[in-house]
Every structure is written in structure tokens, then in C-alpha cells.
């Protein structure tokens with residue numbers, strides 16, 4: 001804007017300056033740095049200014065991520081959400097996060113070709129009912145948390161409980177339980193688990209028939225051992241898991257998989273990620289979409 005010698009005010013037309021500051025490629029890069037690169041707004045601000053020579057504030061970056069970028073992904077996120085119940089294999093895990101002292105939960109649903117995140121105020125089975133659906137017909141991998149068990153038992157879901165969590169519980173009994181027989185029993189279970197996974201890691205060295213036969217043998221021996229448990233409450237509780245799980249007895253090739261959803265949380269909370277989500281209300285929508 002300028003004024004000429006006669007006092008007239010002029011506003012020149014500069015089409016190249018109209019519209020948003022950043023174009024689609026710049027927005028895509030910022031979205032990638034925030035969601036896939038797990039970078040903080042401070043880090044992105046520094047990178048943009050140092051590398052691209054473009055000064056930008058953290059507030060504007062947050063506005064882009066929780067507004068423009070999130071909105072651009074809304075349709076894709078909705079499409080993925082609708083696809084979740086149709087998958088043959090899913091993994092589910094959740095972890096807590098606080099917003100001004102109030103606990104929320106980030107749920108992670110993994111499929112073969114995509115991962116979806118969902119922020120909820122509860123850790124109950126209602127979230128699985130919403131995301132996965134009561135009529136889910138595939139296999140669902142998760143840990144032995146009460147909400148997961150309730151979801152599986154109430155809707156006859158083909159649940160596959162996480163081996164890593166099971167081994168952790170067995171190891172606790174083997175190392176910490178005061179009863180000698182329980183410790184010995186748990187150590188035998190650990191040995192059986194090692195042999196089962198040893199067979200799994202040697203699958204490329206066996207024929208398909210031989211590999212299948214090996215897994216069935218290790219499975220049956222593990223089940224025989226786990227169901228002949230010592231007379232302690234903790235051993236009985238662990239053995240009870242196998243008294244109600246039907247899929248363990250099947251010969252499905254899908255059994256024995258671990259819950260890959262948990263891996264995403266291991267990466268999500270490294271470096272300076274999450275940063276307590278100071279703009280939590282906006283990120284509730286944006287984080288799920290991205």
C-alpha cells in the first residue's frame with residue numbers, strides 16, 4: 001500500500017501473494033515431520049527457518065497441523081475407519097495420556113496395510129465396539145486386559161492374546177513367586193515358549209508340512225503343561241486363560257502372532273513426541289487423522 005504525490009492511496013494487485021503462506025507440498029512436508037517424523041513444533045520451526053529460510057511461529061505450525069492438514073486427511077481417515085471391521089487380522093493396543101490432569105487414552109488399531117489412531121476418554125470395551133465392531137469376523141490381537149477380554153467373550157471375537165505379555169507374566173511367576181512348585185512350573189512354561197519360538201524362527205529351514213507339524217507339537221505340549229498347574233492362586237489364574245480360549249486348539253496359520261500395535265507406541269513416545277499435547281482439544285481430531 002502506498003500514497004502518491006497527490007495523496008491518492010494505491011493497493012497494488014499481487015496475485016502471487018494471495019492465498020495461504022504454504023502450498024500443498026510444504027503442508028505435506030510439515031504434516032510428515034509432525035506425524036511420521038514425530039518432531040515437536042519447536043524442532044519444525046527451527047528446521048523451516050534454518051533450512052528453508054522461512055521464519056514461522058510454533059503457533060502457526062500448530063494451527064496448520066490441527067486445522068488445514070487434519071481437515072485434508074479427514075476423508076481418508078473416515079475411509080480407514082470404515083475399513084477396520086472388514087479386515088482379516090487386526091492388532092489393538094492403547095496407552096494413556098493426560099490433558100490438564102485428566103486421563104485420556106490413545107487407541108491404536110493396526111491392519112496389514114494401515115494403522116489408525118483414536119483418542120478416547122475411556123479404556124473400556126466401548127472403544128473396541130466402536131472401532132472394530134461387535135460383528136468382527138477376523139482375528140484380533142491384543143493383551144490380556146479386562147476390556148479386551150470382555151469384548152472378546154461377549155461378542156465371540158476370535159482373540160489372539162499377546163505372547164509378549166504372557167511371557168512377562170510367566171517370567172514373573174518363575175522369578176518372584178514364593179512357592180517352589182509354582183516357580184518350577186513357570187520355568188517349564190518359559191522353556192516351552194522358547195522352544196516354540198525357536199521353531200518359528202527356523203520356519204524357513206523346514207517344509208511347510210514339517211513347520212506346521214512342529215508348531216502343533218509345541219502347542220500341544222505347552223497346553224498340556226499349562227493345564228497341569230500347581231495349587232496356587234496365581235498359577236490357576238494364568239492357566240484359566242487357556243481354559244476359555246478356543247482358537248488355541250485350532251490349526252489356524254494365524255495363531256501365534258504378536259500384537260504389532262504396541263510397537264507403534266514404542267516409537268510414538270520416543271524423542272520429544274506427544275509433548276503433553278498442549279493443544280489437546282484440537283489434536284484429538286488431528287492426531288487421529290494424521
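Yes or no: residue 171 without any contact (Cβ under 8 Å) to a residue 40 or more places away in the chain and surrounded by 13 or more Cβ atoms within 10 Å (Cβ to Cβ)? Yes: the conditions hold for residue 171.
The number of residues in region 54-65 being under 16 Å from residue 23 (Cα atoms) and out of contact with any helix residue (DSSP H, G or I) (no Cβ under 7 Å at 6 or more places or on another chain) comes to 2.
The criterion of at least 2 residues that are over 28 Å from residue 107 (Cα atoms) and not assigned by TED's automatic domain parsing to the domain that holds residue 93 is met by the following helices (runs of 4 or more DSSP H) wholly inside region 123-205: 163-176, 180-201.
In the set (1) surrounded by 13 or more Cβ atoms within 10 Å (Cβ to Cβ); (2) in the same structural domain as residue 126 (by TED's automatic domain parsing); (3) within 18 Å of the chain's Cα centre (by Cα), the condition left unmet by residue 99 is number (3). Give the residue that is surrounded by the fewest Cβ atoms within 10 Å (Cβ to Cβ), with candidates limited to residues of region 147-168 that are without any contact (Cβ under 8 Å) to a residue 12 or more places away in the chain and over 12 Å from residue 238 (Cα atoms). The selected residue is 156.
The values are calculated or read from the model by the stated rules, or taken from the named source; none is laboratory data. Keep in mind that what you see is a predicted model, and the values were worked out from it rather than measured. Cβ: placed from backbone, ideal geometry, glycine included. Neighbour counts: every protein chain shown.
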